[in-house]
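Okay, so here's the structure we're looking at.
The values are calculated or read from the model by the stated rules, or taken from the named source; none is laboratory data. Not measured: the values here are computed from a predicted model. Every residue, glycine among them, receives a Cβ derived from its backbone with ideal geometry; neighbour counts consider all protein chains shown. With ligands, DNA and RNA removed, areas are computed over all heavy atoms of the protein, side chains included. Shrake-Rupley method; radii C 1.70, N 1.55, O 1.52, S 1.80 Å.
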Amino acid sequence: MRLLRSILFLTLVLSAFISEAAPKTKTTLEPSPLTTQEDPFLKKKNLSFQDRIPTSQINVALGYAGGNFLENDQWAQGVLLSLRYSSLKGTDLLPTWDFQGELNKDNILGVFVGKRWYVSEDDYHPYVRLAAGSFFDASGELANFVQIKRWRLRASAGAGTKFTFEFGFGLAVTGPDLFGQFGYNFDF
């Protein structure tokens, strides 16, 4: 142990004399003056060749839904087609508010307004969505807007940037509904 300590001590003492922090105070590079010429890498690019940033998005989705949509006390199940419009104006260019219209197999039209909250900064943009809206029946006329039992709240979870998947449930006075849909986003 004493031998190890003495070797370590001699190494530190001798290395202090050999090494210098900055042996030379002058550099060999001469400074060059700045020029007034434009840097080719920093030139302004032609804006006509740049891709236009999208400001809107339309989601076209095909899905399956089941539930009691109107006051007929029947559990209807079947295919649905939905169109959802979203504005992409914002800092992240991700849709937050959207307007959706959906048509189910019984030709009942649903209109919803929704808000999304993104769960994480993942590439797939997982989100949670809350929406409020109503289902309209052609025979209902003015009752489509007046009757509270036609209005419903929906909660859903989804993910996707170009191809999307969403599933959720809705609740109204007439009863619940469940849905799932796959879609594609068109940005413009």
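With contacts taken as Cα pairs under 8 Å at a separation of at least 6 residues, the stretch 89-152 carries a relative contact order of 24 percent. Per-residue extension of 0.36 nm, minus the Cα-Cα distance of Ser87 and Val113, leaves a gain of 8.1 nm for this segment.
For the stretch 86-188, the per residue solvent-accessible surface stands at 58 Å², with DNA, RNA and ligands left out and a 1.4 Å probe. Spin-label model, Ala155 to Tyr184: label points 7 Å out along the Cα-to-beta-carbon direction sit 3.3 nm apart. Here each label is just a point 7 Å from Cα along the line to Cβ, and for Thr35 and Phe163 those points are 5.2 nm apart.
Derived scalar couplings between HN and Hα for the stretch 69-78 equal 7, 10, 7, 7, 6, 10, 8, 9, 10, x Hz in order, rounded to whole Hz, by the Karplus curve 6.51 cos²θ - 1.76 cosθ + 1.60 (θ = phi - 60°), x for Gly and Pro. Give the distance, in whole Å, between the Cα centre of the stretch 101-125 and the Cα centre of the stretch 61-76. When both Cα centres are located, 16 Å separates them. Averaging 1/r across all pairs of distinct Cα atoms in the stretch 84-154 and inverting the result yields a Kirkwood radius of 13.8 Å.
Roughly to the nearest percent, how much of the accessible area of the chain is carbon and sulfur, given a 1.4 Å probe? Of the solvent-accessible surface of the chain, carbon and sulfur hold 66 percent.
The heavy atoms of Trp75 offer some 130 square angstrom of accessible surface to a 1.4 angstrom probe.
How much of the calculated P(r) for the stretch 68-188 lies past 26 Å, in percent of all Cα pairs?
On the way: 1605 of 7260 pairs.
Everything past 26 Å amounts to 22 percent.
Seen from Gly183, the other residues with C-beta closer than 10 Å to its C-beta sum to a net charge of +1, counting Lys and Arg as +1 and Asp and Glu as -1. Rounded to the nearest 20, the size of the Cβ-charge dipole of the chain about its Cα centre is 820 debye, with Lys and Arg at +1 and Asp and Glu at -1. You can think of it this way: the chain between Leu142 and Val60 has 26.7 nm of extra reach, that is 0.36 nm per residue less the Cα-Cα gap.
Computed from Cα atoms, the angle from the helix 2-18 axis to the main principal axis of the chain rounds to 80 degrees.
For the chain, the 222 nm mean residue ellipticity estimated from helices alone, with every DSSP H stretch of n ≥ 4 adding -39500 (n - 2.57) and the total spread over all residues, rounds to -3500 deg cm²/dmol.
With contacts taken as Cα pairs under 8 Å and at least 6 residues apart, the chain reaches a relative contact order of 19 percent.
Working note: Karplus 6.51/-1.76/1.60 with θ = phi - 60° gives the stretch 131-140 the couplings 9, 10, x, 8, 9, 10, 10, 4, 7, x Hz, where Gly and Pro are set to x.
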